[in-house]
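Worksheet: one structure, shown below.
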């Protein structure tokens, strides 16, 4: 069972939290998204974002990433919970 929590503020903008204790969250595995989106990190220390065939890059509060729905990517756990805002395009 996934441990993330989502708060829906708009049908295209929402926030998600990935607890550090989560072991089966889908964002931690390689995947693609169903829509193009921007992801902005609101809280989190030591987390990394990785596109397939690229090195992982550390992301922290204030970091914004554009994620094309066809790009394979994943998140790599940090040392605290991660909270992000997602804007679907």
> Can you name the residue in region 3-26 that is modelled with pLDDT of 55 or more, in a loop (DSSP other than H, G, I, E, B) and closer than 16 Å to residue 88 by Cβ and, of all such residues, is farthest from the chain's Cα centre (by Cα)?
Replying inline: 11
>> I'd like the full set of residues that are surrounded by 13 or more Cβ atoms within 10 Å (Cβ to Cβ) and on the phi < 0 side of the Ramachandran plot, limited to region 44-56.
In response: 45, 47, 48, 49, 50, 51, 56
>> Which condition from (1) outside any loop (DSSP other than H, G, I, E, B); (2) at pLDDT below 95 is the one that residue 49 breaks?
In response: (2)
> Looking at 62, 78, which is the one that is surrounded by 12 or more Cβ atoms within 10 Å (Cβ to Cβ) and at pLDDT 95 or above?
Replying inline: 78
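The values are calculated or read from the model by the stated rules, or taken from the named source; none is laboratory data. Note that the structure is a prediction, hence the values are computed from the model and not measured. So basically every Cβ, Gly included, is an ideal-geometry build from the backbone, and we count neighbours across all protein chains shown.
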